[in-house]
Amino acid sequence: SAVISQKPSRDICQRGTSLTIQCQVDSQVTMMFWYRQQPGQSLTLIATANQGSEATYESGFVIDKFPISRPNLTFSTLTVSNMSPEDSSIYLCSVVVDAEKLFFGSGTQLSVL
Amino acid sequence: GQQVMQIPQYQHVQEGEDFTTYCNSSTTLSNIQWYKQRPGGHPVFLIQLVKSGEVKKQKRLTFQFGEAKKNSSLHITATQTTDVGTYFCAGPTWSGTYKYIFGTGTRLKVLA
């Protein structure tokens, strides 16, 4: 298993500003992902955070809007840039451990006014 | 692209009744996983099925992987209020990068 610390747990932000979410894992992991979950919806993959290289983004998500850093195998950040109310959502980091099992951080609930 | 659909979207049951959710993938899966998300919580891994036709049980929960490895089901016997939450199936996929696609989810409410 893995213990994942995700910060902040929630935030209320003004439109046009940016928020950086941090994800810290208690062990080295190869694969780390960032998901978005809108209210009452399923999880949508934003990107795969690659250690030492640019993240791999899914269709509909771009680096300018969601820059991701992954400086080492235990830490990653996701920034939501130039926020609008449509960015209000829960953002989740997840890692793969124990033969393809996904473990999730506790999530960041973002509200944009 | 690959899609993973679940039915039903919502299910309300009386405590003690059984519950089943079905998961269907547009493509063959190497394995399928099930996750539970309690209200206000994050998804938590329940189980992984790998073999065609595999059936696994966890107490009152029974998981099945279809013969064609494109569908799966989760059955809960005699639901309890602690079963409340949203159940997601998820499957790994490779399209230039390895990633997990989540099903649409089934939200279960249990009425005491």
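Matching residues to (1) surrounded by 11 or more Cβ atoms within 10 Å (Cβ to Cβ); (2) touching a helix residue (DSSP H, G or I) at 6+ places or on another chain (Cβ under 9 Å); (3) at pLDDT below 95:
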{"residue": "A:Ser1", "(1), (2), (3)": "no, no, yes"}
{"residue": "A:Lys7", "(1), (2), (3)": "yes, no, no"}
{"residue": "A:Thr17", "(1), (2), (3)": "yes, no, no"}
{"residue": "A:Thr30", "(1), (2), (3)": "yes, no, yes"}
{"residue": "A:Tyr35", "(1), (2), (3)": "yes, no, no"}
{"residue": "A:Lys65", "(1), (2), (3)": "yes, yes, no"}
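In the range B:87-112, the qualifying residues are those that are farther than 23 Å from A:Ala47 by Cα and within 14 Å of chain A (Cβ to nearest Cβ), and the one that is nearest to the chain's Cα centre (by Cα) is B:Thr106.
Given the condition within 11 Å of chain A (Cβ to nearest Cβ), modelled with pLDDT of 95 or more and within 28 Å of A:Trp34 (Cβ to Cβ), answer yes or no: does some residue in the range B:51-68 qualify? No: zero hits.
In the range A:65-110, the qualifying residues are those that are of a type in the set (Phe, Trp, Tyr) and in contact (Cβ under 8 Å) with a residue 40 or more places away in the chain, and the one that is nearest to the other protein chains (Cβ to nearest Cβ) is A:Phe104.
The residues listed here are B:Gln14, B:Gln3; of these, the one that is over 11 Å from the mean Cα position of the chain (by Cα), within 14 Å of another protein chain (Cβ to nearest Cβ) and exposed (fewer than 12 other Cβ atoms within 10 Å of the Cβ) is B:Gln3. Number of residues in the range B:89-100 that are crowded, with 16+ Cβ neighbours inside 10 Å and over 17 Å from A:Val95 (Cβ atoms): the value is 3.
Consider B:Ser26 carefully, then state whether it is farther than 18 Å from A:Glu100 by Cα and more than 15 Å from the chain's Cα centre (by Cα). Taking the combined requirement at face value, the residue satisfies it.
Does the range B:51-87 hold any residues that are surrounded by fewer than 18 Cβ atoms within 10 Å (Cβ to Cβ) and touching a residue at least 60 places away in the same chain (Cβ under 8 Å), and which are they? The answer is B:Ala78, B:Gln80, B:Thr81. Residues that are surrounded by 21 or more Cβ atoms within 10 Å (Cβ to Cβ) and β-branched (Val, Ile, Thr) within the range A:37-63 comprise just one, A:Ile46.
The values are calculated or read from the model by the stated rules, or taken from the named source; none is laboratory data. Note that the coordinates shown come from a computational prediction; the quantities given were computed from them, not determined experimentally. All Cβ positions, even for glycine, are placed from backbone atoms using ideal geometry, and neighbour counts span all protein chains on display.
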